[in-house]
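S.K.: Mind looking over this structure? Questions follow.
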Amino acid sequence: MSRGTKRVAAILCIVAMLSFSAWPIYKYVWHRFGFDPASRAVFERTRALVEKNPQLQPAWDKAMEDGVLTFREARAIIESAGEKVEPED
């Protein structure tokens, strides 16, 4: 095996190890800071609350600016309506 082939193989191995080790860190940070989209049930529940309570419409509009309702945004809207919400897994 030539020196160049060994170098390319070593670089590919390092890149693979870094990507496999970074995946759990990425998932933890993504979930920890509330970037997970809300489940369909929570989305529908939030939308129904906004339809029943027009004073929640500005919060809904703000949450939907990026087109994705996160669980954190949904929880804020549901709790401002006076209801409880269980955390998602």
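S.K.: From the list 85, 50, 42, 68, exactly one residue is of a type outside the set (D, E, K, R) and within 11 Å of the chain's Cα centre (by Cα). Which is it?
M.R.: Going through 85, 50, 42, 68 in turn, just one is of a type outside the set (D, E, K, R) and within 11 Å of the chain's Cα centre (by Cα): 68.
S.K.: Okay, moving on. Counting only residues that are closer than 25 Å to residue 81 by Cβ and either touching a strand residue (DSSP E or B) at 6+ places or on another chain (Cβ under 8 Å) or β-branched (Val, Ile, Thr) (or both), how many does region 1-42 have?
M.R.: Residues flagged as closer than 25 Å to residue 81 by Cβ and either touching a strand residue (DSSP E or B) at 6+ places or on another chain (Cβ under 8 Å) or β-branched (Val, Ile, Thr) (or both) within region 1-42 amount to 6.
S.K.: Filter region 21-38 for residues that are surrounded by 11 or more Cβ atoms within 10 Å (Cβ to Cβ) and under 13 Å from residue 73 (Cβ atoms) and give the result.
M.R.: Result: 34, 35, 36, 37, 38.
S.K.: Please give the helices (runs of 4 or more DSSP H) falling wholly within region 1-87 in which 1 or more residues are of a type in the set (Ser, Thr, Tyr).
M.R.: 3-32, 40-52, 71-80
S.K.: Give all pairs with beta carbons closer than 6 Å in which a residue from region 22-40 that is at positive phi meets a residue that is surrounded by 10 or more Cβ atoms within 10 Å (Cβ to Cβ) and at pLDDT 75 or above; count only pairs at least 6 apart in sequence or on separate chains.
M.R.: Note: pairs meeting the criteria are 34/70; 34/72.
S.K.: Of all residues being at pLDDT below 90 and of a type in the set (Val, Ile, Thr) in region 49-73, which is surrounded by the fewest Cβ atoms within 10 Å (Cβ to Cβ)? Just the residue, please.
M.R.: 68
S.K.: So in region 71-82, with the set limited to residues that are of a type outside the set (A, V, I, L, M) and more than 21 Å from residue 30 (Cβ to Cβ), which one is nearest to the chain's Cα centre (by Cα)?
M.R.: Filtering region 71-82 for residues that are of a type outside the set (A, V, I, L, M) and more than 21 Å from residue 30 (Cβ to Cβ), the one nearest to the chain's Cα centre (by Cα) comes out as 79.
The values are calculated or read from the model by the stated rules, or taken from the named source; none is laboratory data. None of these values were measured; they are calculated from a predicted model. Positions of Cβ are backbone-derived with ideal geometry, glycine not excepted, and every protein chain shown enters the neighbour counts.
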